[in-house]
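First up is the structure itself, then whatever we jot down about it.
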Amino acid sequence: MALGKIALAAAAAVAVSPLVVLARVALLPPGPLEVLSTEVSTYGLGEVFKHGMAQALASSLAVTALTVAIALALSLPTAYAVTRLGIGFAALFATALAVAFVRTIPPSSYLVSAYVSLYDLGLLDTHIGLALAYQIYAFPLAMWLLLSFAADLDPDVDSAARIDGASPTKRFFHIFLPAVSPGVAAAAVLTALAAWGEYLYASVLMSSKNQTAAMLLGSLLASEFRSEWSVIAAAALLTALPPLLFVTVAVKNMQKLSFGTAGGLWKK
Amino acid sequence: MARKLAILFLTPGIFALAVFFAGLIYTAYLSLTDLKLAFSPVANFIGLENYVALFRDPIFLKAVAVTLTFVFAAATLELILGVSLAYLVYNSPKPTLYAAVLSLPLLIPTVSLIVYWLAVVDFRSGVVALALSPLGLSMPDFLGSRDLALWAIVGLDVFELTPFVMLIVLAGLFNIPRDIWHAARVDGARGVVKFIKIVAPMALPAIVAAYLLRLIDAFRIFVKVMLLTRGGPGDSTYTTEFYLYTRGVYPLDMGMASAVSIIQIALVVPFIVPYMYLLWRLWR
């Protein structure tokens, strides 16, 4: 199947090309777009940091961290209760369907609601406000993943602990959380990815004072910098690196987790 | 006591769900008012006036047409490419490695991919233009052309989200029991024919789920439109989200923005219903 091998190799090259192209263009000297040039310059990087890149990255980091923390705090106890605390299969099913439904609504259709709510709460232009609004992206994702992971656990382990007299709170922290940690890692990664690069909500609910990396890139593209290829590419590259780093770290840790006995013993 | 604790644990997630449903109802209510936050915090009931105005606005109707064209074109292309890639990856010597590499576009923020795409489709010195020029071919100005701009956006969406379809279909393929594969080989079916006749039907739930999910999610293209074309040239890439932002949220005309939001949900519902049904069937 030589054709298949060629197609796969080509697809792989295409998939990797954004990083290659962005890196090449980010390091171009000021001037027209010359992808094939071999000149290297830090003009783009310098300019981008002069225009608030560091603050924007910090802002994105704060919002993303808050978003992930809130999403997990909302999802984990509920995932535990619905699957382990004798609530019943019908409740699990209903929760799953409700979560699936919320996930399918276009987030832009919630924007008005989010704006008016944050406006009334005085949380416009705050990191916590945006993180709360981002639950529209993050919560259905996290809840869905954790429901699946929780439903897959072996019920006997939790039952044994309950019979032994352990309270639900103890079982939640000492049995459930370690057992779903791969799910927690997956949920953290996916919600972080969603929050980090999001543009629509950020541009409406935050001012340029607290702008996220995505907002900075957007404003550069809307300004005279759009034709300064090395500047926009530098901003694009710097915006892309933290999530890639985060995913790499998470995947390395997930592999460690799945080889440990914590998850393995308690899976059905 | 156990009951009380159970309710305590349930509360966070159920509360979040309740907030989302309340938000939907609130948006529906606001769509029947004339709330314009730039002028007054008071929302007066005006019935279906917002909806009537929208259906009378040729730009809104154009936005709906553009959005639906985009949704179907992007999702269908992603389906075809995604299934093909899943097949190739499944049969490759190192599926996990290939799947990981091919998923890279999903991990890069869309805003960064937009800059990449600008450098690729630039008709004078972009990557594609450079690749074509030794062949004596030149590239049309996609982003500057009324007829082609939307396809430039479709192209970026396909680049970014084909791996999404590939991953879902791959998961479906890996779920097929080995005996099915072996039975297919014993029967003498070869390669692509084997795939279409035997494997694809078993992976069909995954394929259908991936297609429906893409159709549902394809409505989320605001950032690509805003940063690549701003709805232009003319109104050739004006989508419902873009309309919602520029004519609703930006001028703080919340009443009208809510109406657009509700209409958008109505447009997605024909895809949500089969998707929920599919989940129901799979969970049974």
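Applying the criterion of being crowded, with 18+ Cβ neighbours inside 10 Å and within 13 Å of A:VAL14 (Cα to Cα) to the residues of segment B:95-105, the residue that is farthest from the chain's Cα centre (by Cα) is B:TYR98. Since A:LYS170 meets every condition but one in (1) touching a residue at least 40 places away in the same chain (Cβ under 8 Å); (2) farther than 27 Å from A:THR248 by Cα, which condition does it not meet? Among (1) touching a residue at least 40 places away in the same chain (Cβ under 8 Å); (2) farther than 27 Å from A:THR248 by Cα, the lone unmet condition for A:LYS170 is (1). Each residue in segment B:270-283 was checked for being under 21 Å from B:VAL71 (Cα atoms) and more than 9 Å from chain A (Cβ to nearest Cβ), and 5 pass. Candidates in segment A:140-164 are the residues that are closer than 22 Å to A:ALA100 by Cβ and not in a helix (DSSP H, G or I); of these, the one that is most open to solvent (accessible area, probe 1.4 Å) is A:ASP152.
Residue-by-condition table, conditions (1) buried (at least 20 other Cβ atoms within 10 Å of the Cβ); (2) part of a loop (DSSP other than H, G, I, E, B):
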position	(1), (2)
B:ILE207	yes, no
B:TYR211	yes, no
B:ARG214	yes, no
B:PHE219	yes, yes
B:VAL225	yes, no
B:ARG230	no, yes
B:TYR238	yes, yes
B:GLU241	yes, no
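Which is facing chain A (nearest Cβ under 7 Å), free of Cβ contacts under 8 Å to residues at least 12 places away in the same chain and within 28 Å of B:ALA171 (Cα to Cα), of B:LEU104, B:LEU88? It would help to see each step written out before you state the result.
Numbers: B:LEU104 fails: free of Cβ contacts under 8 Å to residues at least 12 places away in the same chain.
Checking each option against the conditions leaves just B:LEU88.
Within segment A:124-139, is even one residue outside any helix (DSSP H, G or I), buried (at least 23 other Cβ atoms within 10 Å of the Cβ) and either within 13 Å of chain B (Cβ to nearest Cβ) or free of Cβ contacts under 8 Å to residues at least 24 places away in the same chain (or both)? Checked segment A:124-139: at least one residue is outside any helix (DSSP H, G or I), buried (at least 23 other Cβ atoms within 10 Å of the Cβ) and either within 13 Å of chain B (Cβ to nearest Cβ) or free of Cβ contacts under 8 Å to residues at least 24 places away in the same chain (or both). The residues on offer are A:VAL25, A:VAL35, and the sole one that is outside any helix (DSSP H, G or I) and facing chain B (nearest Cβ under 9 Å) is A:VAL35. At least 2 residues being open to solvent by 30 Å² or more (accessible area, probe 1.4 Å) is the threshold, and among the helices (runs of 4 or more DSSP H) wholly inside segment A:165-211 those reaching it are A:168-171, A:181-196. So which residues in segment B:131-159 are without any contact (Cβ under 8 Å) to a residue 60 or more places away in the chain and buried (at least 21 other Cβ atoms within 10 Å of the Cβ)? Once the filter is applied, which keeps residues that are without any contact (Cβ under 8 Å) to a residue 60 or more places away in the chain and buried (at least 21 other Cβ atoms within 10 Å of the Cβ), segment B:131-159 yields only B:PHE142.
A single entry from B:VAL128, B:VAL121 fulfils the requirement of being open to solvent by 50 Å² or more (accessible area, probe 1.4 Å) and either at pLDDT below 95 or more than 21 Å from A:ALA9 (Cα to Cα) (or both): B:VAL128.
On the given criteria, is A:ALA236 assigned to a helix (DSSP H, G or I), away from chain B (no Cβ under 12 Å), in contact (Cβ under 8 Å) with a residue 60 or more places away in the chain and open to solvent by less than 10 Å² (accessible area, probe 1.4 Å)? First the steps, then the outcome.
Details: assigned to a helix (DSSP H, G or I): yes; away from chain B (no Cβ under 12 Å): no; in contact (Cβ under 8 Å) with a residue 60 or more places away in the chain: yes; open to solvent by less than 10 Å² (accessible area, probe 1.4 Å): yes.
No.
When the residues of segment A:88-113 are filtered to those that are open to solvent by 40 Å² or more (accessible area, probe 1.4 Å) and more than 30 Å from B:TYR250 (Cα to Cα), the one that is farthest from the other protein chains (Cβ to nearest Cβ) is A:ALA90. Annotation note: of B:PHE39, B:PHE70, B:PHE55, B:PHE60, the sole residue that is part of a loop (DSSP other than H, G, I, E, B) and more than 12 Å from chain A (Cβ to nearest Cβ) is B:PHE39. Just one of the numbered conditions (1) surrounded by 15 or more Cβ atoms within 10 Å (Cβ to Cβ); (2) touching a residue at least 24 places away in the same chain (Cβ under 8 Å) is not true of B:LEU282: (1).
Conditions (1) in contact with a Pro (Cβ under 9 Å, 6 or more places away or on another chain); (2) surrounded by 16 or more Cβ atoms within 10 Å (Cβ to Cβ); (3) aromatic (Phe, Trp, Tyr), marked per residue:
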residue	(1), (2), (3)
B:LEU10	yes, yes, no
B:THR27	no, yes, no
B:VAL52	no, no, no
B:ASP57	no, no, no
B:THR67	no, yes, no
B:TYR87	no, yes, yes
B:SER92	no, yes, no
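In segment A:175-195, the residues that are over 24 Å from A:ALA240 (Cα atoms) never reach a residue that is modelled with pLDDT of 95 or more and surrounded by 21 or more Cβ atoms within 10 Å (Cβ to Cβ) with C-beta atoms less than 6 angstrom apart, at least six apart or across chains.
Within segment A:38-61, the residues that satisfy the criterion of being more than 10 Å from every other protein chain (Cβ to nearest Cβ), among the polar types (S, T, N, Q) and in a helix (DSSP H, G or I) are A:GLN55, A:SER59. May I ask you to list the residues in segment B:248-271 that are in contact (Cβ under 8 Å) with a residue 40 or more places away in the chain and farther than 12 Å from A:SER109 by Cβ? Scanning segment B:248-271 gives B:PRO251, B:LEU252, B:ASP253, B:MET254, B:GLY255, B:MET256, B:PHE271. When residues in segment A:1-18 are screened for being at the interface with chain B (Cβ under 9 Å from one of its Cβ atoms), within 28 Å of A:ALA233 (Cα to Cα) and open to solvent by 50 Å² or more (accessible area, probe 1.4 Å), 2 of them pass.
The values are calculated or read from the model by the stated rules, or taken from the named source; none is laboratory data. Not measured: the values here are computed from a predicted model. FYI the Cβ positions are ideal-geometry reconstructions off the backbone, even for glycines, and counts take in every protein chain you see. To get the accessible areas, we keep the full protein, side chains included, count just its heavy atoms, and leave off ligands, DNA and RNA. Shrake-Rupley method; radii C 1.70, N 1.55, O 1.52, S 1.80 Å.
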